[in-house]
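Enquirer: The structure follows.
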Amino acid sequence: MAILNILEFPDSRLRTIAKPVAVVDDEVRQLIDDMFETMYEAPGIGLAATQVNVHKRIVVMDLSEDRSEPLVFINPEFEALTDETDQYQEGCLSVPGFYENVDRPQRVKINALDRDGKPFEMIAEGLLAVCIQHECDHLNGKLFVDYLSNLKRDRIKKKLEKLHRQNA
């Protein structure tokens, strides 16, 4: 396994729309394993392939405290099951150090393939629903900062650009 480099906002590669995975093979499973290792090392609870500059529709997440509940979503799609939204404070491995409130539907239905390429469906609520929506946004070239005001987004962008210059 390998720890992959996580792209950080405002890197334009984060805006790339991911392509569906045609075949779930050993190469895809290796990427999934590398993504889990990267996510756990970061540490985070979710990671989309787009964030590691692989533009395939793959998401990994684990909301457990002890890293015992890894979830894999290949070619995920979701639909809101309610018009009701909840506000969660979201953070992102691609926007390190920033947390902002985002409104998202409370319940969603997810259709995806698992790490073996088998289709599955699940109903998600709460944090799982938020995470799947957040990670699917990545696959569509969208970040949680896109839900913020222009002022907040620009402030975050400037701070991260300054940090990137200092670390270069």
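Each reported figure results from applying straightforward, stated rules to the coordinates on display, with no laboratory input. This one's a predicted model, so the numbers in the text were calculated from it and none came from an experiment. Every residue, glycine among them, receives a Cβ derived from its backbone with ideal geometry; neighbour counts consider all protein chains shown.
Enquirer: Tell me the net charge near SER94. Cut-off is 13 Å between Cβ atoms, SER94 excluded, with +1 for each Lys or Arg and -1 for each Asp or Glu. The partial results should precede the final answer.
Expert: On the way: positive: ARG13, ARG15, LYS142, LYS157; negative: GLU8, ASP11, GLU90, GLU135, ASP137, ASP146.
Net charge around SER94: -2.
Enquirer: Quote to one decimal, in nm, the extra length available between LEU81 and ASP114 on full extension: 0.36 nm per residue of separation minus the C-alpha distance between them. Please list the in-between numbers first.
Expert: On the way: separation 33, 0.36 × 33 = 11.88 nm, distance 2.18 nm.
Residue separation times 0.36 nm, minus the Cα-Cα distance, leaves 9.7 nm.
Enquirer: Relative contact order of segment 14-104: what whole-number percent is it, with Cα pairs under 8 angstrom and at least 6 residues apart?
Expert: Value for segment 14-104: 22 percent.
Enquirer: With label points built 7 Å along Cα→Cβ from the Cα atoms of GLU27 and MET1, find their separation and express it in nm.
Expert: Computed distance between label sites GLU27 and MET1 equals 2.2 nm.
Enquirer: Something else about it: With the cut-off at 25 Å, tell me which of the pairs LYS19/LYS152; LYS142/LYS162; LYS19/LYS158; LYS56/LYS109 have Cα atoms farther apart than that.
Expert: Values: LYS19/LYS152 30 Å; LYS142/LYS162 22 Å; LYS19/LYS158 30 Å; LYS56/LYS109 21 Å.
Long pairs (Cα-Cα over 25 Å): LYS19/LYS152; LYS19/LYS158.
Enquirer: Mean shadow of segment 113-165, computed from the convex hull of its alpha carbons, in nm²? Intermediate values should be presented prior to the final figure.
Expert: Values: hull surface 22.8 nm².
Hull-based average projected area comes out at 5.7 nm².
Enquirer: Distance from a point 7 Å along Cα→Cβ of GLU161 to each backbone N in segment 1-31: keep the residues under 18 Å and list them by number.
Expert: 8-15
Enquirer: Continuing with the same structure: Over what distance in Å are the Cα centres of segment 1-59 and segment 84-157 separated?
Expert: If you average the Cα positions of each part, the centres end up 15 Å apart.
Enquirer: Another question about this same structure. Rounded if a/c is under 1.5, else prolate if a/b beats b/c, else oblate: with a ≥ b ≥ c from the C-alpha gyration tensor eigenvalues square-rooted, which is the chain? Mind showing how you got there, number by number?
Expert: Working: a/c = 1.72, a/b = 1.19, b/c = 1.45.
Since a/c reaches 1.5 but b/c is at least a/b, the shape of the chain is classed as oblate.
Enquirer: Do any GluC sites (Glu not before Pro) in segment 38-144 lie in a loop, going by DSSP, with at most 14 other beta-carbon atoms within 10 Å of their beta carbon, and if so which? Don't skip to the end; give the middle numbers.
Expert: On the way: sites: GLU41, GLU65, GLU77, GLU79, GLU84, GLU90, GLU100, GLU121, GLU125, GLU135; in loops: GLU65, GLU84.
Those that pass, being in a loop and sparsely packed, are GLU65, GLU84.
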